[in-house]
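The next block holds one structure in the form of structure tokens; read it before the comments.
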Amino acid sequence: MDFPQSGLYAITKTENKTAEQIIIDVSAAIKAGIQILQYRDKHPVDANHLAGALKELCHAANIPLIINDNIALAKQIGADGVHIGKEDGLLSYAREQLGHQAIVGVSCYNSVELALQAQQHSADYVAFGRFFPSRSKPLAAPAQLSCLQQAKTCINIPVVAIGGILPENGSELLNAGADLLAVIDGIFTTTPYQSTLAYQALFK
């Protein structure tokens, strides 16, 4: 499955939720039109079961499922790809394990230089952020709008923005050059269906 060129990139919020609740939340977000889902779970109970169920949901709606950080899990359940940070193993290792058809995305924080390296090593997309204060990543170093503006002059793969993005501030990032907005809390803290629709309006 191909990585989308624009739209809403949803990332699971798993803290204090059962697998059933996560599946219900994701189903609602899919119905409201997310373009891609990343399974992120810092304290997994049964990652294989949950990731497999999410893959079925995503594939029924024809959207890709990406696994955060865990190349082995992505390979095991046949996910569409993986998202790696600078400590999560080499991009080339992800390619070797998952194949050339897999989607591999790379966190580049506030560094266009890292993004250029990732692009050179066959990443499918790069992610910058956090752009605003974030509950999911409170200690992440801030990124500036100028980073997106600069990236658009030299990066030819999709650019994802992440970090504290709300329907009220998302258009700033899209105007600066982001192609996709990655959201955790803004979708999955309250009512995922309505929340997703509020973000969708930014892409109209």
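Of all residues in the range 63-109, those satisfying the criterion of being surrounded by fewer than 17 Cβ atoms within 10 Å (Cβ to Cβ) and closer than 21 Å to V159 by Cα are G85, K86, E87, G89, L90, S92, H100, Q101.
None of I162, I157 is within 30 Å of E96 (Cα to Cα), β-branched (V, I, T) and surrounded by fewer than 21 Cβ atoms within 10 Å (Cβ to Cβ) except I157. Find the residue count for the range 34-58, including only residues that are farther than 14 Å from I184 by Cα and either touching a Ser or Thr at 6+ places or on another chain (Cβ under 6 Å) or part of a helix (DSSP H, G or I) (or both). Summing the residues that are farther than 14 Å from I184 by Cα and either touching a Ser or Thr at 6+ places or on another chain (Cβ under 6 Å) or part of a helix (DSSP H, G or I) (or both) in the range 34-58 gives 12.
For every residue, the table says whether it meets (1) farther than 30 Å from N16 by Cβ; (2) at pLDDT 95 or above; (3) aliphatic (A, V, I, L, M).
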{"position": "S146", "(1), (2), (3)": "yes, yes, no"}
{"position": "N156", "(1), (2), (3)": "yes, yes, no"}
{"position": "I162", "(1), (2), (3)": "no, yes, yes"}
{"position": "P167", "(1), (2), (3)": "no, yes, no"}
{"position": "V183", "(1), (2), (3)": "no, yes, yes"}
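Please determine whether any residue of the range 37-51 is buried (at least 22 other Cβ atoms within 10 Å of the Cβ) and among the β-branched types (V, I, T). Checked against the condition, which is being buried (at least 22 other Cβ atoms within 10 Å of the Cβ) and among the β-branched types (V, I, T), the range 37-51 yields no hits at all.
For the range 67-99, how many residues are under 20 Å from K31 (Cβ atoms) and either in contact with a Phe, Trp or Tyr (Cβ under 7 Å, 6 or more places away or on another chain) or basic (K, R) (or both)? Total meeting the criteria: 0.
Matching residues to (1) touching a His at 6+ places or on another chain (Cβ under 6 Å); (2) modelled with pLDDT of 95 or more; (3) under 21 Å from Y39 (Cα atoms):
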{"position": "K75", "(1), (2), (3)": "no, yes, yes"}
{"position": "L90", "(1), (2), (3)": "no, no, yes"}
{"position": "V106", "(1), (2), (3)": "no, yes, yes"}
{"position": "Q117", "(1), (2), (3)": "no, no, no"}
{"position": "Q120", "(1), (2), (3)": "no, no, no"}
{"position": "V126", "(1), (2), (3)": "no, yes, yes"}
{"position": "S136", "(1), (2), (3)": "no, no, yes"}
{"position": "L139", "(1), (2), (3)": "no, no, yes"}
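Against the list (1) touching a strand residue (DSSP E or B) at 6+ places or on another chain (Cβ under 6 Å); (2) crowded, with 20+ Cβ neighbours inside 10 Å, the condition P4 fails is (2). Considering the range 120-138, the residues that are touching a strand residue (DSSP E or B) at 6+ places or on another chain (Cβ under 7 Å) and outside any strand (DSSP E or B) include one that is surrounded by the fewest Cβ atoms within 10 Å (Cβ to Cβ), namely D124. Can you work out which of the residues in the range 165-183 that are over 17 Å from the mean Cα position of the chain (by Cα) and part of a loop (DSSP other than H, G, I, E, B) is surrounded by the fewest Cβ atoms within 10 Å (Cβ to Cβ)? Within the range 165-183, the match that is surrounded by the fewest Cβ atoms within 10 Å (Cβ to Cβ) is E168.
Selection within the range 84-119: residues that are closer than 19 Å to K42 by Cα, assigned to a loop (DSSP other than H, G, I, E, B) and not charged (D, E, K, R). The member of this set that is nearest to the chain's Cα centre (by Cα) is G85.
The values are calculated or read from the model by the stated rules, or taken from the named source; none is laboratory data. Note that the structure is a prediction, hence the values are computed from the model and not measured. Virtual Cβ from ideal backbone geometry, glycine too; neighbours counted across all protein chains shown.
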